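Read-outs: derived from the displayed coordinates by stated rules, not from any lab. Predicted model only: the values in this text are computed from it and were never measured. Don't worry about glycine lacking a Cβ; one is built from the backbone with ideal geometry, like all the others, and counts go over all protein chains shown.
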Amino acid sequence: MTTENSLLSETTLILFKPDAIRKNIVGKVLSRFQEEGFRIRGIKMMQLDHAILADHYSHIADKPFFPDIVAFMSSTPVIALALEGDNVISRVRDLLGPTDSKAAAPGTIRGDFGEDKMVNVCHASDSIEAATEELKRFFKDGEVFSL
């Protein structure tokens, strides 16, 4: 998604996972995104059910660990965030660090707050195409704003 302000501007989806909710670190992580100059375009708390999780994780639904992911991601509400900025998709992923928090460097979000491959603070879209689909999955029309 682009805006008239910049051809490099994108909007991505971030999901604050149950570990971020339980550890009460959403504000700390959100401030890191905002310090990078990213803009909030939509934010809401929601309880994920099996249907939305099966859709979101359809690429791994046949894996033996899929039920564990569903159980974890539905164990508390999550916070969905639409975040906009120049090259936001790759920059957010750099800020987060690798999916496996054990391999994430200190100073990255997952290195500072994550535990492993699943308990890793946030989900972030990995491409423009994924962001477009994921934003539609978690936000209804009119819930993502442009300023």
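Going by C-beta contacts inside 10 Å, put 29, 92, 144, 121 in order with the fewest on the left. Don't skip to the answer; put the middle values down first.
Numbers: 29 23, 92 26, 144 19, 121 29.
In order of increasing Cβ crowding within 10 Å: 144, 29, 92, 121.
If exposed means no more than 16 neighbouring beta carbons inside 10 Å and the site is in a DSSP loop, what's the longest run of the chain without any exposed chymotrypsin sites (Phe, Trp or Tyr not before Pro)? Don't skip to the answer; put the middle values down first.
Numbers: sites that count: 57, 65, 145.
Answer - 66-144.
Please name whichever of 88, 78, 135 sits farthest to the positive end of the charge dipole of the chain, dipole taken about the Cα centre and charges placed at Cβ: Lys and Arg +1, Asp and Glu -1.
Selected residue: 78.
Among 73, 45, which comes first, then next, by fewest other beta-carbon atoms within 10 Å? Can you show the working numbers first?
Values: 73 21, 45 12.
So the ranking, lowest neighbour count to highest, is 45, 73.
In the chain, which helices (entire DSSP H runs) extend 27 Å or more along their own long axis, judged by Cα positions, while averaging at least 0.0 on the Kyte-Doolittle scale? If you can, show how the numbers build up before the last one.
Numbers: long enough: none.
Flagged H segments: there are none.
Of 46, 118, how do they rank once you tally other Cβ atoms within 10 Å and put the fewest first?
Working: 46 13, 118 17.
Taking fewest neighbouring Cβ atoms as first place, the list is 46, 118.
How are the C-alpha pair distances of the chain spread across 10 Å bins, as whole percents from the shortest bin up?
12, 43, 37, 8, 0
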